[in-house]
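The values are calculated or read from the model by the stated rules, or taken from the named source; none is laboratory data. Just so you know, these numbers come straight off a predicted model, no measurement behind them. Heads up, the Cβs are rebuilt from the backbone with ideal geometry, glycines too, and the neighbour counts pull from every protein chain shown. Ligands, DNA and RNA are stripped out before the accessible areas are found, and what is left, the full protein with its side chains, is counted by its heavy atoms. Shrake-Rupley method; radii C 1.70, N 1.55, O 1.52, S 1.80 Å.
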Amino acid sequence: MVSQRTTGRSLTARTSLAIVALALGPLLASAQSCSNYGFQDPSNSSACLCPPGFGGATCAQSACGGTIFDGSSRSLAPASNGGFSNLTASDCSCVDGWTGEGCNVCTSANACSSGSSKIGGSSSSSSDGMSGVGLNETMVCSSSPQVYAAGELSCDVNNPTLQAIYPLQSTLNILRTLNASLSPVSNASGTTLNPQGGSSTSSVFAQLFYAGVEQFYCSASPCTQSQSQSSSSSSSDSSSTNTWTCQNLQCTCITNTSFCGAVPITNLTSTINDLGGTLTIECGTDGTCYFKQSVLQNLFGANGLSMQNCKYGECVTQDVIDTSSSSDSSSGGGGGRQLGGGVIAGLAVVAGLVALGLAGIAWGWIVQRKARKVGAGEETERSGNIAVSWRDVSYFVQPVGGPAFAGLRRRRTRAMGDGGNERTILDNVSGSVEPGQMMAILGPSGAGKTTLVELLAGKHKSGVSSGTIAFPSHTPGTAGESDGAPHIAFVPQHDTLPPMLTVREALAFAAALRLPESLPGAQKRALVEGVIERLGLGAVADTRIGTTSGSGGGGGAGRGISGGEARRVSIGLELVGCPDVLVLDEPTSGLDSVSAMRVVSVLKGVAGDERNPVAVVCSLHQPSSQLYQKFDQIMLLAHGRALYAGRGAFAPLRHFAHVRETQGVPVQPYQEGYNVADYLLEIASDPPVGLFGAAATTTDINATGNSSPSVGNGNRSSGSLCGVKGEKGEDGKGTDEKADGDIEAGVSPAGVRKRVRRRRGKYAATFLTQLEVLCGREWKILRRDKTLFLTHVLVAAVLGVFCGGLYYQTGITIAGFQSRVGCLFFLGALVAFSSLSALYNIVEIRPLFLRERSNSYYSPTAWLLSRFLFDVVPLRIIPTIIVSAVTYWMAGLAHDAAHFFKFLFILVLYTLVMTLFNFLLGTLFYNGGIAILISALSALYQMTYAGFFVHLTSIPPVLRWLQWLCPLKYTLEALSVNEVGSGLMIQDTLQGVPVDVSATLIMELLFGFGVNNYYRDVLVLFAFIVGFAIGVVGVVWLKVRERR
């Protein structure tokens, strides 16, 4: 304690003198300059306070012999021929108890005790050096890497690369000062333990000696010391690692020494003088230390400059050791490694995404439960009982050519109010159909049949429309649509069906998405069974649909049900939604007479439903005589105009006979026994001009309903598919209130689209239900069609073995490192090209999506999410994991789990990027060939700008900027940085010179990758994922929609 008080008074006196010297300023200025970061002695302006082991007027001479307690009286090594102190040439030997270059490291407690007694310190010692526990004033020599006050270490530097240039012995001495006031050496004359006179109590001072001559010196402060324990896996022994982390590193090269200019070709002056930033010194009990700084790590690897045969020695009293040990014990056992900022940020992002996903699921579940508790209400009331009437419907299209400006011309035409040069498809067509009636629209090819039924169904058309469509018997809000729009079902001419599902599964899928959420599952299943029975599909209910003409995605499905059965399934998909009006486009085309009759009979039953009669409108190309008689009303079109609209059967014959007799129009007479439909088509194929004017009167009369047959015409079915919860009460709206509830909608494009969007803006099922049902269908398809999945897995395994064999156990030479990067590049290119199948899948499934979206089955977002889940996981991520795992370990890449999973993480991110990119192309371009071409060309572009084939800095500036748009560039850089981050060292020989440098240096020289860019690349890949995902969602919502 007396020694500590004496030391404190001495420091106080020196501090006072320093303050006086600063106050006097110029009066005490001296031309004296101090080397080795010494500083002027406040008590003697002509002398310098020097670090231990140095002396002379400028601290430039190395001590020779003696001890660190000798201070300014210590003998110095004389200058050699070059003018520098040379410890080797001076034959400076150490006295007993001291070792290391310059004799600054103690080896015994007696040496510390005798040296301390010379400067008035404690003279007691412990004979065994460290056994004097409890003897507070006992002077000991601590030989552990840990520092208690101020400790010296001296290490040999045996780096092969340095030795190839500087073959003689290199030694690094380091003074680590934790608290100078606790060290007895602080009392030595002319000595400082804090170079540069800094105010910080913790600092590091290092000097490198080459062949006994000091080459450069460094200092850094402030510093922190930490201790970590590690256990050996092969024994119970444990070893400790002492780590010093210091800031503000600076180094000074001694001019004209071997390292600093004596040999110009190997002059390291600029490199050494530029060293800065953070310094880390790690020392273990095995006598190995690592001098780590960013530049040195780039040159020599993650461990920086490695040192061997390190000798530790610190003269310190036992009470300081005891105090430090108890402090370490009381501070807890938190010796674990702290997480880096990048890891914490990554975990935060993952946690945020998981929380967002869970919140979305919870919100969807709440909405779903709420919807299912609605119970009986408007959504479950009666369907059907709605008539459809259209008046003066016209439709025009632009001439062929210049589609890019078609939208501009349409807008201009609407503004002008005329048709311009537009082609007329429909010209003032009028008609009506009552509930329970079937209308057949007849006419030759090009007469406008399909256009008319599509307008009646409210389909999006690319041309210009005019006229009105009305639903005279419809009361808003009573037909299962809260917005007052009737449910119009449309069956297109071509069957677009899911080939891998059975008939029952396809109908159940439609029922789950098109019927109200509040309807119990048992009722939905009962409705599906009723549709199957009514359509006569019981025999094939559990048969896969298979490939049919126009099916959306054949996959691995073979031939399934027949064409007539497929047509009835298409009708059934609309019937399960309980439509108010059913519109069909040529439902009998491509069918034999028996199948066609069966389809029409089904339609007849649907129209004549006893409780829910439905108005049915369908276009027919060339019906048989028996088929023709099934229809209640007939409309005959020719050149876009109606020649007849009225009752069916033989009524058209009487009409045309009446026109011929009364108006003298040259209409050919009907021959008895001839098919009425064929007779009408012959008239429409080459109609007399006067027939158009005669047809107008008939159409107008029929539109009022005067010539319509009674709804109760005896063609009703006794069963009802879409039942009701209950009949209307006395306060319900009856038939007398139809006029008040009539709805009319203009069929101009704006009017039609507005009406259709209003109805489709709300889906019958909630988003979570949509996602569940879609995922269920995708899972069934994946289980039944394993071809694509197994092919991806098999190809991934084969390519993994091939790539692993090609780069098997890659070496650590320069050529071997280039092969390592080549292996990583190969994997990235493989991901880019294998993701092309995602594009093909989108193109293949798009027709089915268009049909289901146009019928408001589900939200495009739900469809995209289900497609993404069942495409990415089985076809992208699993194969990527297989090929990566096989290649990684066969190629001998970084052999630890952390770097493997970081490697896998990057490849998965790149897989997601390329999958979404191909999703974007598949949705953006209707022509799959164009999309595949662009995807292949983009893969080649990425390979060019990845940095493997050409150094990015050598690309002309006018083209160099394209690298920032290349996902493969970020992927390859992150993979390479991860590989060299494992501490990979390059060991090679160039022209007889051994090379042992960090792979980081080779990576930067050959490829220009940044060593600290891993997490930046991760963020950029995430940005690509988000950008492409937003692009896909936007394109699907705005562009991928049915256009007719």
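Points to keep in mind about this one:
- R1041 - accessible surface, heavy atoms, 1.4 Å probe, Å² rounded to 10: 80 Å²
- Stretched out straight at 0.36 nm per residue, the stretch from Y674 to N179 would grow longer than its current Cα-Cα span by 166.4 nm.
- Sites L959 and V798 - FRET efficiency at Förster radius 60 Å, r taken between beta-carbons, to 0.05: 0.95
- Once all protein chains are placed together, T245 keeps about 50 Å² accessible to a 1.4 angstrom probe.
- When only alpha carbons are used to place a centre, region 552-623 and region 47-69 end up 104 Å from one another.
- Projecting the Cα atoms of G804, A1023, L952 onto the charge dipole of region 795-1040, computed from C-beta unit charges around the Cα centre, puts A1023 farthest toward the positive end.
- If the segment from A89 to W365 were pulled out straight at 0.36 nm per residue, it would be longer than the present Cα-Cα gap by 90.9 nm.
- Among residues other than V105 with Cβ under 11 Å from its Cβ, the summed charge is -2 (Lys and Arg +1, Asp and Glu -1).
- With 0.36 nm allotted per residue and the present C-alpha distance subtracted, the T662-T543 stretch has 37.1 nm of extension available.
- Restricting region 942-1044 to chymotrypsin sites (Phe, Trp or Tyr not before Pro) in coil, as DSSP defines it, with at most 10 other Cβ within 10 Å: F949
- Loop chymotrypsin sites (Phe, Trp or Tyr not before Pro), region 800-866, which have at most 16 other Cβ atoms in a 10 Å radius of their Cβ (DSSP): Y808
- Accessible-area ranking of H639, H621, largest first, probe 1.4 Å: H639, H621
- Cα centre as origin, Lys/Arg/Asp/Glu Cβ charges: region 795-1040 dipole, Debye: 780 debye
- Taking Cα centre as origin and charging only the Cβ of basic (Lys, Arg, +1) and acidic (Asp, Glu, -1) residues, the dipole magnitude of region 155-312 rounds to 160 debye.
- Dipole of region 795-1040, positive end: most advanced residue of V795, G929, G892 [Cβ charges, Cα centre]: G929
- Dipole axis of region 795-1040 (+1 Lys, Arg; -1 Asp, Glu on Cβ), positive-most option in V997, S819, S835: S835
- Distance between the modelled labels on F949 and Q163, one decimal in nanometres: 4.3 nm (7 Å Cα→Cβ projection).
- Computed from the C-beta positions of V349 and I934 and an R0 of 25 Å, the FRET efficiency is 0.20 to the nearest 0.05.
- Debye-sum result for region 795-1040 in log10 I(q)/I(0), which assumes one identical scatterer on each alpha carbon, at q = 0.08 Å⁻¹: -0.34
- Within the accessible area of region 824-872, the carbon and sulfur atoms contribute 77%, probe 1.4 Å, all protein chains present.
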